[in-house]
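Down below is the structure, laid out as structure tokens.
Every read-out reported here was derived from the displayed coordinates using simple, explicitly stated rules and does not represent laboratory data. This structure is a prediction, so every number in the text was calculated from the model and none was measured. Cβ placement follows ideal geometry from the backbone for every residue including glycine, while neighbour counts extend to all protein chains displayed.
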């Protein structure tokens, strides 16, 4: 099984307060709020807009490794 490394925005669920500021700046509409916390899906292009706007510093860019079925 192959793996793929990709930079993605990831939310620290302990810091996020669900203010929705990240949703307003995401150019790919990759963020939604579930149970008052932001969830960022795999359409994220790691532009960093959400990282810069988050007042709680709850979002960070991280290298994520995913498994790819062959």
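Observations on the model:
- Of all residues in segment 8-39, those satisfying the criterion of being surrounded by 13 or more Cβ atoms within 10 Å (Cβ to Cβ) and assigned to a strand (DSSP E or B) are 8, 9, 10, 11, 31, 32, 33, 37, 38, 39.
- For segment 57-70, the set of residues classified as surrounded by fewer than 14 Cβ atoms within 10 Å (Cβ to Cβ) and either in contact with a helix residue (DSSP H, G or I) (Cβ under 7 Å, 6 or more places away or on another chain) or within 22 Å of residue 14 (Cβ to Cβ) (or both) consists of 57, 62, 63, listed by residue number.
- Residues that are outside any strand (DSSP E or B) and under 11 Å from the mean Cα position of the chain (by Cα), drawn from segment 40-53: 41, 42, 43, 44, 45, 46, 47, 48, 49, 50, 51
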